[in-house]
């Protein structure tokens, strides 16, 4: 009997690996790399040569990541196991890094110690939003016309003043991308992975690059941050609604174009797709450090070569932060063991009922306001240089 058990274990592992689709790990990793690059190059003053490319990246990088996050969260249900995962994978890292940001600001003399749990700092808005979005997954999976409802909520949110707490503006404005991810089925991604689609994706991205470099002024930069209402953006409800809808559509098309270029086979970075939370959370501390020491104010980074070198270094940093040594050292921060937080009965129930269904990809995150014109931007809770 013992020999049978030993033979069964490797076969079960092989079956799980077979069920896991490397496409989603690849897509998630590449999306996070683009986010890290975006957070880095937007630190520097724009110039005519690089600003259109930066603006193009700014338009779709977070929508791309959110679409993937929504798709990987589409099986979320309000049971003990899923809620426990939500706490350990999102809520505890959120609290930990909010404490780190508040402590770093205090130690550096940048600001007094001020831990505001409901007012996310810098890129922590994404974790706060994902927590709330995930709790709404059962609703989107059961209601009719979920995407239409999400778009309507996003558009309506731009007409209303909203508090900064919970980053409600971004939560609603980016909601359609999360719901789109929840609604997408395997056949949709299979379509994007057809042999002819990479050529289509390249043409779309080439057309976008050409447009941004020739008529990019028609894409207002403030709209790409997804955190301001129509009044603050300086437009009336109409034509604001049409500009807003156009931005949602443009970001979706660009994200789809990028997905056509994602390899569907296992690559050297596929394993990194399971550790993207490390790159996302840790790179924020690195960016804040660069700001503190004034790297963004140097002459070199304001040149075209400086921006290109910074982009390459940012991509390299994203890879480094997903490597096993970094994961081993920082696991206690990002994947804390929290058995102490749950009741013994809940732990036992979670263990006994943990019976995962057959799946093709993991269920985890990369797992990131209403104001009047007179209200200040959220720069005090984000990067002090430029918006995230």
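No lab work stands behind these numbers, since they all come straight from the coordinates. The structure displayed is predicted, hence computed values, not measured ones. Every residue, glycine among them, receives a Cβ derived from its backbone with ideal geometry; neighbour counts consider all protein chains shown.
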Per q in 0.13 Å⁻¹, report the Debye log10 I(q)/I(0) for region 24-381, using one uniform scatterer on each alpha carbon and no solvent. -1.14
With 5 Å bins from zero, work out the P(r) of region 176-335 over every alpha carbon pair and list the percent per bin. 1, 7, 10, 12, 16, 18, 18, 11, 5, 1, 0
In whole percents, the bins of 5 Å from zero upward hold the Cα-Cα pairs of region 15-157 as 2, 8, 12, 15, 18, 18, 13, 8, 4, 1, 0
By per-residue mean of other Cβ atoms within 10 Å, what is the highest-first order of 52-58, 63-69? 63-69, 52-58
Taking 8 Å as the Cα distance limit and 6 or more residues as the minimum spacing, I'd like the relative contact order of region 138-258 as a percentage. 33 percent
Distance between the C-alpha centers of region 177-200 and region 44-85? Whole Å please. 16 Å
Per residue Cα convex hull volume for region 299-339, in cubic angstrom? 81 Å³
Provide the three semi-axes, in whole Å and in decreasing order, of the ellipsoid equivalent to region 57-133 as defined by the square roots of 5 times the Cα gyration tensor eigenvalues. 27, 18, 8
